[in-house]
Amino acid sequence: MDGIVLLAKQPGYTSFSSLHNVKKALNTTKVGHTGTLDSFAQGLLVVCTGRLTRLAGNITEFDKEYKAVIAFGKETDTLEYTGEVIKESGLPTEQALISAVKAFTGPQQQVPPQFSALHVNGKRASDIARKGGEVSLPSRPIEVYKAEINELEKNSEGLVLSCMITFRVSKGTYIRSLARDIAKACGSCGHLIGLYRTKVGDFRIEEAAGYSLLPAFTIEGCRKAVEDWEASVKNEAKKEQDVLIQKEILTTKKAFDEPTAVLCGFVPVHLKDDESEECFRNGKPVLKKWFTEHLDDVTDTENALFAVFSQSKAFCGLIEKKDSKHFSYRFVIAFSR
């Protein structure tokens, strides 16, 4: 069952466990997602299935869009509400928050959370942190393309208890770290109590299987989730939810055609005849003359990946430009003429 599934991850489940419904619906174990979401978070997972799992590592360069709810006054070790409180402070003013959010727009250096999947000396940083070890992660470049305050919650003195912010960010950006750094910049400390991924590249949450089952994402709703997070999900309710999601997966799965290739950020090109298809299938050195398009003219992007299609429009694999004259394979999959 080759294809791309847009899946709405429900809060309280790991990204890995959320793939169970995809595996069951499509009767396959070959499933891979293109970027994890924390267990407490909800939102869009882009999932590759069947032979297209080989695409997963090639479509992780996407910008992503999130809605995040930051609670001020306390910081946790995980930078979200399931962690242990390690710091407390006063609350920020609205003006201080506005200034801080504005300052965190654009290119910048970010220190990832110590509770993350990044590796330190061959071990996950989160595994080291959970065992009480010290984790020192270097900063790395990210970019915040948009940071917009959507909702504020204030106390009786007019100080900000929490806020909802929409972020559009580059690959590798940790929203938990943004919450930590924004809170610090406005003279407070803070952590996430809600995170909702709404876009991955041009893929949108509204197209995802299970979207209608996601809880409404508001500050009030996030606070209720914090209060209830230790409560277990009722098995019967979960079973009913899983059945609905599996049905939606079957009806929303995308075949990997040319429009989907464009959504994934690839440039579609076409093999022009049987001889070209045979050469490509057998992994011979890529020649420009195999294609109906002039490969030097179809894109201005130096690092573009080309999605190769057969004469019958079957997806054949990915190639990339090595230099001005040469192209190389990312991978080839079996295809019929």
Cα-based helix-to-principal-axis angle, 94-103 vs the chain, degrees rounded to 10 = 30
inquiry  = Using the Karplus curve 6.51 cos²θ - 1.76 cosθ + 1.60 with θ = phi - 60°, what ³J(HN,Hα) values do you get for each residue of the range 36-51, in whole Hz, with x for Gly and Pro?
reply    = 6, 10, 4, 4, 6, 7, 10, x, 7, 10, 9, 10, 9, 10, x, 5
query = If amide H atoms are built 1.01 Å from N in the plane of the peptide, which residues on other chains or at least 5 residues away come under 5 Å of the amide H of His270?
reply = Thr292, Glu293, Phe309
request  = For helix 175-185, report the angle its Cα long axis makes with the longest principal axis of the Cα atoms of the chain; keep it between 0 and 90° and round to the nearest 10°.
outcome  = 40
query = Taking amide H positions as placed 1.01 Å from N in the peptide plane, with prolines and chain starts having none, which residues 5 or more places from His191, or on another chain, fall under 5 Å of its amide H?
reply = Ala71, Lys74
inquiry  = Give the aspartates and glutamates reachable from Lys102 as a straight Cα distance under 15 Å; neighbours fewer than 8 places away on the same chain don't count.
reply    = Glu94, Glu143, Glu148, Asp181
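Among the listed pairs Lys288/Lys322; Lys9/Lys30; Lys288/Lys313; Lys199/Lys224, give every one whose C-alpha distance is greater than 21 Å. Walk me through the numbers on the way to the answer.
Values: Lys288/Lys322 13 Å; Lys9/Lys30 18 Å; Lys288/Lys313 18 Å; Lys199/Lys224 24 Å.
Beyond 21 Å between Cα atoms: Lys199/Lys224.
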task = With everything on Cα atoms, drop me the angle between helix 235-252 and the longest principal axis of the chain, reported from 0 to 90° to the nearest 10.
result = 40
In order through the range 193-204: 3J(HN,Hα) via Karplus (6.51 cos²θ - 1.76 cosθ + 1.60), integer Hz, x for Gly, Pro = 10, x, 8, 9, 8, 9, 9, 10, x, 9, 7, 10
key: Cβ-based net charge around Leu161, under 12 Å, with every Lys or Arg adding one and every Asp or Glu removing one   = -2
note = Mean-square fluctuation maximum in Gaussian network of the chain, Cα pairs under 10 Å, restricted to His20, His33, His326, hits His326
query = Can you list residues whose amide H is under 5 Å from Gly317's amide H, if they're 5+ apart or on another chain and H is modeled 1.01 Å from N?
reply = Val308, Ile333
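Quick note: the coordinates plus some simple rules give every number you see, no bench work behind them. Owing to the predicted nature of the structure, the values given are computational and were not obtained by experimental measurement. Methodologically, a virtual Cβ is constructed for each residue, glycine included, from the backbone with ideal geometry; neighbour enumeration extends over all protein chains shown.
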